[in-house]
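Since every read-out is calculated from the coordinates, none of them should be taken as a lab result. This one's a predicted model, so the numbers in the text were calculated from it and none came from an experiment. Note: ideal-geometry Cβ built from the backbone for every residue, glycine included; neighbour counts use all protein chains shown.
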Amino acid sequence: MDLYIDRDELGRGLARIQGVVERRSTHPVLAHVLLHAEGDRLRMTATDTEVAFIGDLVANITTGGEVAIDAASLFQVVRTLPESTVRIVLTAGHRLEISSGRAFFRLPGVAAEEYPPLPAFDPMGSIEVKELDLRGQVEQVAFAVSTDDARYGLNGAHLEAYDGGEGEVLRMVATDGHRLSASDIAFTGELTLTPRMLVPRKALAVIRKLLDGHESVTVEFGDAAIRLVRPGQTFWFRLLDGEFPDIYAVVPKEGRHKVLINRATLMDTLKRVHVLIQERPRPVRFAFTESEVSVQVHNVDRGEVNESLPAELEGEAITIGFNSKYLADVLNVLRGERVLLEMGHALGPCRVSDPDDPRAFFVIMPMRLD
């Protein structure tokens, strides 16, 4: 292998795979990236056997070849190189020489044959979605995925489809038992879904990093796996084999108390409230009246805060307790000027949404007030 490649292009490619390689595996080769030089492309492959990424980079290749190199070490080296052009040469003993200007590195590698092959993928259907739509959907849902590995069916985001009135819509849903998020996007093509369509947390994180353009991405559905394809990049991941609960049993059917609040104002209030909240979840009292909401926290050790802000209430006055972090997480992924809170009663779930954008909704379970 002997080639020249642009430093920034190589750095961007290596940045994409840092969340894919598995550094703590009992198989050290999974911390490596497989480099394959052929024609005018340098192909990078990274996998932990559950997710995999393949990316092609333009390169001036004199001699082809392949080798597996520790992904983190190579990324750190490339980020420090002084010149825009990088030369990469594979020498005896699977050693990779990297030079740029006066800088020279030699990294130990592993034979390409020792790198695990990617499993076969037989697509049963595919759809086209806008990259920014899919990335936005993941951002609106990922924070609600459970991190409790004992609750396997909640360790991923569930995919389902329904008729949105103007055609089928792809919905992504996640819950950790205390909160729920759901987001819809439009698509074209043939959607093939099974009852167990759980996208794992790691795959969601990679999708957020991978999708940064304004074009469309192809989403292909296989047997317990999904593949995303965009020009020069392919991302594959296994689905979790877990049963997602019936989330609609906890989504409020009616909101007898509906509150409209300026989103930015409420976010600023919650930031001040968090000053007095320790790591242990503590209920924040929200007292809604016709024209305002009073937000109160009393912490014996750190003091108390009471702040009022304008609000529009439809229905009778109500006081309810929330985990303010859960509410703040929702506000952070909404983009509209206002936020709508719908509650049935003080001990029931609260539905949160953007009144001007029906494509997403969120549910937060209340906390008992002392």
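Residues considered: Gly164, Gly109, Gly55. Largest GNM mean-square fluctuation over the chain, using C-alpha springs under 10 Å, is found at Gly164. Above 17 Å lies some portion of the pair distances; for the range 125-248, what is it as a whole percent of all C-alpha pairs? Considering the range 125-248, 53 percent of its Cα-Cα pairs are separated by more than 17 Å. Here the Gaussian network model covers the chain, with springs between Cα atoms less than 10 Å apart; of Ala311, Ala120, Ala31, Ala120 fluctuates the most. Cβ-to-Cβ counts within 10 Å put His36, His345 in ascending order as His345, His36, the fewest first. Net charge in the neighbourhood of Val339 (other residues with Cβ under 12 Å of its Cβ; Lys, Arg +1, Asp, Glu -1) is -1.
If you take the beta carbon distance between Ala205 and Glu316 as r and set R0 to 56 Å, what does 1/(1 + (r/R0)^6) give as a FRET efficiency, to the nearest 0.05?
Working: r = 43 Å, r/R0 = 0.76.
In this case the efficiency is close to 0.85.
Using 0.36 nm per residue and subtracting the Cα-Cα separation, the extra length available between Asp163 and Thr147 on full extension is 2.7 nm. Each of Glu38 and Asp268 was given a label point 7 Å from its Cα along the Cα-to-Cβ line. The distance between the two points is 5.9 nm. I'd like the distance between the alpha-carbon centres of the range 9-31 and the range 130-146, rounded to an integer number of Å. What the calculation gives is 22 Å, centre to centre. Among Ser216, Ser308, a tally of other beta-carbon atoms within 10 Å of each Cβ gives an order, fewest to most, of Ser308, Ser216. Measuring r between the beta carbons of His298 and Leu132 and using R0 = 56 Å, the FRET efficiency lands at 0.85. Relative to the longest principal axis of the C-alpha atoms of the chain, give the angle of the C-alpha long axis of helix 201-210, reported between 0 and 90° and rounded to the nearest 10°. Roughly 70 degrees between the two axes. Between the Cα long axis of helix 131-141 and the first principal axis of the chain there is an angle of about 50°, rounded to the nearest 10.
The Cα atoms of the chain define a convex hull whose projected area, averaged across directions, is 21.9 nm². Note on Ala112 and Val250: their simple-model spin labels are 4.9 nm apart, each label 7 Å out from Cα toward Cβ.
Ranking of Val333, Val199 by neighbouring Cβ atoms within 10 Å, starting from the fewest: Val333, Val199.
Which log10 I(q)/I(0) values does the range 243-370 give at q = 0.17, 0.19, 0.20 Å⁻¹ under the Debye formula, counting every alpha carbon as one identical point scatterer? The calculated log intensity ratios at q = 0.17, 0.19, 0.20 Å⁻¹ are -0.87, -1.09, -1.21.
Tell me, what is the FRET efficiency for Lys325 and Met124 to the nearest 0.05, using R0 = 51 angstrom and their Cβ-Cβ distance as r? That pair, Lys325 with Met124, gives E of 0.80. In the chain, helices alone account for a calculated mean residue ellipticity at 222 nm of -5000 deg cm²/dmol, with every DSSP H run of four or more residues adding -39,500 (n - 2.57). Kirkwood hydrodynamic radius (Cα pairs, Å) of the range 1-133? Kirkwood hydrodynamic radius for the range 1-133: 15.5 Å.
Are there trypsin sites (Lys or Arg not before Pro) in the range 304-370 that DSSP marks as loop and that have at most 12 other Cβ atoms within 10 Å, and which are they? Don't skip to the answer; put the middle values down first.
On the way: sites: Lys325, Arg335, Arg338, Arg351, Arg359, Arg368; in loops: Arg335, Arg368.
Listed in order of number, the matching sites are Arg335, Arg368.
For a quick check of your reading of the filter: which GluC sites (Glu not before Pro) in the range 87-196 sit in a DSSP loop and have no more than 14 other Cβ atoms within 10 Å?
On the way: sites: Glu97, Glu113, Glu114, Glu128, Glu131, Glu139, Glu160, Glu166, Glu168, Glu190; in loops: Glu166, Glu190.
Loop-located and lightly packed - Glu166, Glu190.
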